[in-house]
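Asker: For reference, the structure I am asking about is given below.
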Amino acid sequence: MKSGREGKRLFSRREVVGTVWGVSLVALFGQFSGALFEYLKPRIPAGGFGSKVTAGLAKEFKPGTVSYVQSGRFYISCLPDGGLLALWQRCTHLGCTVPWVKAKKLFMCPCHSSVFNPEGVVVSGPAPRPLDLFPIQIIGGEVIVDTSQPISRDKFDISQVTRV
Amino acid sequence: MSVQTRSRWAPLTESRVWRSFFRHGPPNNPLDRSLVMTSNIFLHLHPVKVNRKSLKWSYSFGLGVISAILFGTLVFTGVLLMFYYVPSVERAYPALLNIQVSVPLGQFTRNMHRWSAHLMVLAVILHMVRVFYTGGYKPPREFNWLVGVGLLLLTLGASFTGYLLPWDQLSYWAITVGTNIAGYVPLVGAATKSLLLGGPEVGQDALIRFYTLHIAVLPVLMMLAVSIHLWRVRKDGGLAINDSNDAGDKVGEDAIGN
Amino acid sequence: MATPNQPTVTDETFPKQTNKTYALVELMHGEGPMVGKGPDGTVFSFPVVLLIEIILVLGVTLAVFLFSLVKNAPLEAIANPLVTTDPAKAPWYFVGLQELLEHMHPTVAGVLIPTCLVIFLVLLPYIDRSRAHVGVWFSTPRGKRIVVWTALYTVIATAAYVLLDNQFSLREMLRDVVPVWVAQGLVPALIIAIIVVLPALVLRLRKATTRELMIALFTIMLFSALIFTLSGFFLRGPGFKMYLPWQMPNGYNPLDGL
Ligand code: HEM
Ligand code: FES
């Protein structure tokens, strides 16, 4: 056995070649995984799924009411003082569509029973944050909502409200 | 034996063609009974001899075999459904209505696929429960337990991806909620979710991804894993059985399972 | 074998070995006295195992077949992203998870707990390596008692948690008192951890073996999953609110969404 001679070297030839093979295979596999990931990664077009949606004339929204804008998948909530919020209909818990229950003046999610008030704030249920907002602009008396960028928030504050 | 009268099938079973297919004689003696098992690619997943105790119904309840049978049923009915199903947001739901209403036995085929899927999840879970309580995961069967855990996850994955395909309200919201859970995984959640859905929400991209996973990727992985699983059962000496009763009898697992 | 003319056994083929105390005397055809009752209690797989498998194939397919004749697979209205069905339930094998989501933050219920379960299953065979009592249901009579008691304990503890948390929701009592991650993350996670760890501690004090500890943990996993699934499946109605199964409003029947 040549082990005596080999013992003096730090690495035997076999170890070096074996390691090189191993490392190459790992690198090849890594490269393959990276390529696979890039291949499968969705190319989501900039601007998300939505565009600018005209919700209607500002004066149509009466204080203390909530109106549904189906084309933009959001609610215009007109607060008692007349300020406007555009609330995305998507539950912040796990993404169900939250209906407005007029009789109770609350948004009530059917999936895990989260309840939101007209400001979108969680009243009860497992949702971790208030309903997401879309930015509102009022141009020539019309309410224009930009649905491309939902804004998530931790709590309601007055700066989120748009006034005419 | 050779004195016996020739079987009436002898002209067939002793023909050149038959003997080129099957390399064993009639399995009425130990040698040929072994050869039946070892010379057939499908049967050779079995051991040649099995322990009596492992055949006891109240020991394994046949749950692993039942899972495998249900997997077979699912592949068969699934391929039949594929002849009519179209993985498109516009056409998936109409295709299902078509299968149910105008394809002969279509509704029945769909029922078989659906109920087999539910039953398979149940069978696989119960199989795991039985393997656990009988200590079947202990050495030398650790690896096969891991393959089993993989199979459990694959089975759940196949059920989950299949659930979206009818594109009805039940599918849509179950998958919306399910994939949103993935979004809560720390760090990689958002990436995992969009990788699964192929977009920001459940839509055409999600449907085609789930379809591909459901009809190609997951079944192929499952077939591979089931083959490894069954082969390993044999290599690990058949089912784990209690050999402490045969005191002094040093018949190990190795003796049985080759 | 089927070949009638046997080769003559000569000394050429089997030369005598003087240093051996045994020798091959003759190739026997026909049955020896040990056939069918091998010393190790084994039997030939052919045809017993194949017969059992064929019976299982027939039985399982017949069961699914009959069920498919009686009950149709559900198909609701076409998917509509604008309206969520009420209630929107996951398939039964995920409904336990959905029930869990009702009680705690999605990161805990949907990510942390499932990950812990998978890690537990993966590590299990490497933690519990003793080979005693392999192949015996519950290992020992003591093991069986542990299963019965932990099952009972788990059913009571998790059912109490589900019902109490539904009645006096911790989440709502702690709302705006402590941050969300404490009220919905830390507190319920601690409760679950205590439910799981308590029996383990009791067993440790009683000098349980690793296997017994694992039996307890697995039983807790199994029966808590059972309770969460039953509650999510039978007790949750419209709005995922809790009702008695026979008092569901709007004519909702929990069995419809299988
Ligand atoms: C697609 C799903 C599965 C199929 C088709 C399958 C099939 C089988 C079959 C046919 C057997 C022979 C014994 C019996 O019938 O009980 C077996 C044994 C075994 N299975 Fe599975 N199995 C599956 C999933 C699992 C899972 C989820 C686990 C555990 C996590 C598992 C762990 C094992 C182990 C450790 C054995 C050896 C048991 C012993 O020796 O007692 N299998 N499996
Ligand atoms: S998705 Fe709305 S409460 Fe869960």
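Asker: Within a 10 angstrom radius of each residue's Cβ in B:152-159, how many Cβ atoms of other chains show up on average? Whole number is fine. Write down the numbers at each step before the final one.
Answerer: Values: counts 2, 2, 0, 1, 3, 0, 0, 3.
Other-chain Cβ atoms within 10 Å of each residue's Cβ, averaged: 1.
Asker: Follow-up question, since we're still on this one. Pick out which of A:Lys52, A:Lys104, A:Lys41 has the largest mean-square fluctuation in a Gaussian network model of chain A, springs linking Cα atoms closer than 10 Å.
Answerer: Maximum fluctuation in the GNM of chain A, among the listed residues, is at A:Lys41.
Asker: Is the range B:110-207 rounded, prolate or oblate when judged by the Cα gyration tensor, a ≥ b ≥ c being the square roots of its eigenvalues, rounded requiring a/c under 1.5 and prolate requiring a/b larger than b/c?
Answerer: Verdict is oblate for the range B:110-207.
Asker: Roughly how tilted is helix A:13-40, in degrees to the nearest 10 and between 0 and 90, from the longest Cα axis of chain A?
Answerer: Once rounded, one gets 20 degrees.
Asker: Another question, if that's okay. Binning at 20 Å from 0, report for the protein assembly as shown what percent of all alpha-carbon pair distances ends up in each bin.
Answerer: Distribution as computed: 14, 39, 31, 12, 3, 0 percent.
Asker: Please compute, for peptide A:121-131, the average count of beta-carbon atoms on other protein chains lying within 10 Å of each residue's beta-carbon.
Answerer: Mean partner-chain Cβ count within 10 Å for A:121-131: 4.
Asker: List every DSSP H helix in chain B whose Cα atoms extend 18 Å or more along the helix's own long axis and whose mean Kyte-Doolittle hydropathy is at least 0.5.
Answerer: B:63-82, B:142-164, B:169-182, B:218-235
Asker: Shifting gears a bit: Once you sort the root eigenvalues of the Cα gyration tensor of chain B as a ≥ b ≥ c, which label holds: rounded (a/c under 1.5), prolate (a/b larger than b/c) or oblate (the other case)?
Answerer: In terms of gyration-tensor shape, oblate.
Asker: Placing +1 on the Cβ of each Lys and Arg and -1 on the Cβ of each Asp and Glu in chain B, which of B:Ile241, B:Val149, B:Val101 has its Cα farthest towards the positive end of the resulting dipole?
Answerer: Farthest along the dipole direction, towards plus: B:Ile241.
Asker: Also, quick follow-up: Filter the trypsin sites (Lys or Arg not before Pro) in the range B:13-106 down to the DSSP loop ones having no more than 12 other Cβ atoms within 10 Å, then list what survives. All intermediate terms of the calculation are to be shown ahead of the outcome.
Answerer: Numbers: sites: B:Arg16, B:Arg19, B:Arg23, B:Arg33, B:Lys49, B:Arg52, B:Lys53, B:Lys56, B:Arg91; in loops: B:Arg23, B:Lys56, B:Arg91.
Answer in residue order: B:Arg23, B:Lys56.
Asker: Continuing with this model, one more query. Among A:Glu60, A:Glu15, A:Glu38, whose mean-square fluctuation peaks in a Gaussian network model of chain A (Cα, cutoff 10 Å)?
Answerer: A:Glu15
Asker: Go through C:173-181, C:205-213 and give me the packing order, highest mean Cβ count within 10 Å leading.
Answerer: Put in order of decreasing packing, that is C:205-213, C:173-181.
Asker: How large is Rg/Rh for chain A, to two decimals, with Cα atoms and a Kirkwood Rh?
Answerer: In chain A, Rg relative to Rh is 1.44.
Asker: Which order do A:Phe61, B:Phe210, C:Phe234, A:Phe29 take by accessible area at a 1.4 Å probe, largest first?
Answerer: A:Phe29, C:Phe234, A:Phe61, B:Phe210
Asker: Cross-link list A:Lys59/C:Lys241; B:Lys138/C:Lys207; A:Lys41/C:Lys241; A:Lys62/B:Lys193; B:Lys56/C:Lys144; C:Lys89/C:Lys144: which exceed 29 angstrom alpha carbon to alpha carbon?
Answerer: Values: A:Lys59/C:Lys241 38 Å; B:Lys138/C:Lys207 21 Å; A:Lys41/C:Lys241 38 Å; A:Lys62/B:Lys193 39 Å; B:Lys56/C:Lys144 20 Å; C:Lys89/C:Lys144 35 Å.
With Cα atoms farther than 29 Å apart: A:Lys59/C:Lys241; A:Lys41/C:Lys241; A:Lys62/B:Lys193; C:Lys89/C:Lys144.
Asker: Now, a different point. Once you sort the root eigenvalues of the Cα gyration tensor of the range B:189-232 as a ≥ b ≥ c, which label holds: rounded (a/c under 1.5), prolate (a/b larger than b/c) or oblate (the other case)?
Answerer: oblate
Asker: Right, another one. Need one value: the accessible area of A:Phe37 in square angstrom, 1.4 angstrom probe, rounded to the nearest 10.
Answerer: That residue has around 90 Å² of solvent-accessible surface.
Asker: Whole angstrom only: what separates the Cα centroid of the range C:165-213 from the Cα centroid of the range B:117-179?
Answerer: The distance from the Cα centre of the range C:165-213 to that of the range B:117-179 comes to 26 Å.
Asker: How much of B:Asp205 can a 1.4 Å solvent probe reach, expressed as accessible area in Å² and rounded to 10?
Answerer: B:Asp205 exposes around 90 Å² with every protein chain in place.
The values are calculated or read from the model by the stated rules, or taken from the named source; none is laboratory data. The structure presented is a predicted model; accordingly, all values stated were derived computationally and were not measured. Heads up, the Cβs are rebuilt from the backbone with ideal geometry, glycines too, and the neighbour counts pull from every protein chain shown. Calculation scope for accessible area: heavy atoms of the full protein, side chains included, ligands and nucleic acids excluded. Shrake-Rupley method; radii C 1.70, N 1.55, O 1.52, S 1.80 Å.
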